[in-house]
Amino acid sequence: MRGKTKILAPAVLVSVLVVLWWAAVAVSETIIVPTPWRVVLGIVELARQGTLLDHIAASLFRVGSGYLLAAALAIPLGIFMGWFHGLFAALNPLTQILRPISPIAWIPLAIIWFGVGNMAPIFLIFLSSFFPIVLETTAGVHTIERQYIRAAQNFGVGGAALFRQVVVPAALPHIIVGMRISLGVAWLVVVAAEMIALKSGLGYLIIDSRNAGNRYDLVVAGMAIIGVIGLVLDNAMRRLERLKEVRWKYGR
């Protein structure tokens, strides 16, 4: 019963929102805002043209590249910042200065450094992913109960083994949270990141549809596809929270 409710409740809510959307367009008699059916036809049009999968693949490649690179650098750095007080004192102020800067603000510099191509949006997505992982990983190490460390040291565990067997597993719940947050943020900035990409990607699709003929059905179609893929990615990350190595630190 609980499993059916988890599926039925969101489905009902989405259906209600679609009906309200359709009714609002019909009552206002607007010719700019598309109906849900026109959006569906727009998605079908893109699929028939063979461009839909190309745009999705391009966006996933850029988000995946920037995100994985950020995780590969941010997790070790966060662990070391959490463990070594001197490193934390040196790097945390710089991290807190750079963290609030929107990835969109980096677009002019990204164009200068990397030109117009894949590297610029990958760089922007890297920036959006890097800081949440660093901060959560650092917090995870800071919140490790000292008795775990002392117990391991009493059994002669030290050096790299201490990190591998105690520090990383203890901080893993925070690391997973940081990775989940950063993946959501990375997918969120894909539109801005692909403003300077080649002629591909869901972000490019939205901007091009707006500029080249006011195809708002394709604009909303691109938005809907981004939302659905974001939901799928978030659910995939939530599965990591159910691992035995992670679940111990959650209440439920």
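Here are some notes:
- Residue pairs meeting the criteria (Cβ under 9 Å; at least 6 apart or on separate chains; first closer than 15 Å to L124 by Cβ, in region 88-113; second assigned to a loop (DSSP other than H, G, I, E, B) and of a type outside the set (D, E, K, R)): S102/V189; P103/V189; I104/V189
- Residue in region 139-149 that is buried (at least 19 other Cβ atoms within 10 Å of the Cβ), part of a helix (DSSP H, G or I) and in the same structural domain as A120 (by TED's automatic domain parsing) present: yes
- Within region 201-235, being out of contact with any helix residue (DSSP H, G or I) (no Cβ under 9 Å at 6 or more places or on another chain) and under 18 Å from S182 (Cα atoms) holds for G227, V228, L231, V232, N235.
- Residues that are in a helix (DSSP H, G or I) and surrounded by fewer than 13 Cβ atoms within 10 Å (Cβ to Cβ) within region 150-164 comprise R150, A151, Q153, N154, A160, A161, R164, listed in sequence order.
- Inspection of region 1-15 finds no residue satisfying the criterion of being surrounded by 13 or more Cβ atoms within 10 Å (Cβ to Cβ), of a type outside the set (K, R) and in a helix (DSSP H, G or I).
- Applying the criterion of being among the hydrophobic types (A, V, I, L, M, F, W, C) and surrounded by fewer than 19 Cβ atoms within 10 Å (Cβ to Cβ) to the residues of region 34-55, the residue that is farthest from W22 (Cα to Cα) is L53.
- Filter pass, A161 being touching a Phe, Trp or Tyr at 6+ places or on another chain (Cβ under 7 Å) and at pLDDT below 90: no
- Qualifying residue in region 178-188 (condition: under 24 Å from L233 (Cα atoms), of a type in the set (D, E, K, R) and surrounded by fewer than 23 Cβ atoms within 10 Å (Cβ to Cβ)): yes
- Those residues of region 113-127 which are assigned to a helix (DSSP H, G or I) and either small (G, A, S) or touching a helix residue (DSSP H, G or I) at 6+ places or on another chain (Cβ under 6 Å) (or both), in sequence order: F114, A120, P121, I122, F123, L124, I125, F126, L127
- First in region 17-33 and at negative phi, second anywhere and part of a loop (DSSP other than H, G, I, E, B), Cβ under 7 Å, 6 or more apart: W22/T35; V25/V33; V25/T35
- Residue match in region 118-133 (condition: over 21 Å from M179 (Cβ atoms) and not small (G, A, S)): yes
The values are calculated or read from the model by the stated rules, or taken from the named source; none is laboratory data. If you're wondering where the values come from, they're calculated on a predicted model, not measured in any experiment. As a convention, Cβ positions derive from the backbone with ideal geometry for all residues, glycine included, and neighbour counts pool all protein chains shown.
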